[in-house]
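Written below as structure tokens is the structure these notes are about.
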Amino acid sequence: METGFFRLLWRFNAIAIAAAALLMLAFGSVIGFGLLFDRKTTRVVSADPADQSVETILRYGGPQRMSGSVLRIPLIKDQTYTYRLASKGSRSNTINFAFVKIDSGETSWLLTDNRALVLSHHIIARTDEQDRRAPLAIVYAIVRADTSGDGFLSASDDVEIAVGLPDNSRFEVLVSGAKTLKWADRAGEDRAMIVFADAEGSKLAWLSISDLSVTTVAPLIGPSSD
């Protein structure tokens, strides 16, 4: 009797363990499937606007007041696409900025087309007597071409660093072929510091705000270990 009882108990435990293992396998498969087919990212867009396999939605982001009566409104691209057998979604990708004059309704665009990707931007501003930040210039990091060859515009591609005025009346390209825009801020009455990296390493550029030109570019080198 005891032998039969323990044999039955052993069989029951084996069945229970096998069932638990199957449940865990099924649960893991569901999670893996979800991770594979429901991945979302940002700052990545297809490099081919004519690609029919990419579902694209264009929308406007929230407006931001710039110079005087000028509003800056981002144009945002959301995409769903298949990449390496996985279905992915790329959300909230800024591809252009519209500048709208509130008084007249006149609209101008930062870029001449919507084929680029604006990776980031930094507002160079001064603080007025009411402790409000008044924009003086805006530094942009823009990807215009798929230099990595993966079919997408992203932070893996070469970056163009440019600067524009808050009313969009001027726009100048400062650096081409950079890797990333790290930081930019005001550093004097008419100067701003821009830190970026290219193939040679990190660099510091001094920007003249009044004429939107770079006066000096120097490598950022750490202290000697000697």
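No lab work stands behind these numbers, since they all come straight from the coordinates. None of the values given here were measured: they were computed from a predicted structure. Note: ideal-geometry Cβ built from the backbone for every residue, glycine included; neighbour counts use all protein chains shown.
Screening the candidates Ala187, Ala218, Ala137, Ala197 for the property of being closer than 26 Å to Ala125 by Cβ and surrounded by 19 or more Cβ atoms within 10 Å (Cβ to Cβ) yields one hit, Ala137. Residue under question is Gly105, and the condition is that it be closer than 29 Å to Ala137 by Cβ, in contact (Cβ under 8 Å) with a residue 40 or more places away in the chain and more than 16 Å from the chain's Cα centre (by Cα); does it hold? In short, no.
Out of the residues in region 157-181 that are acidic (Asp, Glu) and in a loop (DSSP other than H, G, I, E, B), state the one that is surrounded by the most Cβ atoms within 10 Å (Cβ to Cβ). Within region 157-181, the match that is surrounded by the most Cβ atoms within 10 Å (Cβ to Cβ) is Asp157.
Condition check ((1) closer than 21 Å to Arg72 by Cβ; (2) in contact with a Leu (Cβ under 8 Å, 6 or more places away or on another chain)) across all residues:
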site	(1), (2)
Arg133	yes, no
Asp150	no, no
Ala162	yes, yes
Lys182	no, no
Ile194	yes, yes
Ser202	no, yes
Ile209	yes, yes
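Among the residues of region 149-179, those that are among the hydroxyl-bearing types (Ser, Thr, Tyr) and over 16 Å from the mean Cα position of the chain (by Cα) comprise Ser169, Ser176.
Yes/no per residue for (1) under 23 Å from Ala205 (Cβ atoms); (2) polar (S, T, N, Q):
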site: Tyr60; (1), (2): no, no
site: Lys77; (1), (2): no, no
site: Asn93; (1), (2): no, yes
site: Val100; (1), (2): no, no
site: Leu119; (1), (2): yes, no
site: Arg126; (1), (2): yes, no
site: Ala141; (1), (2): yes, no
site: Gly151; (1), (2): no, no
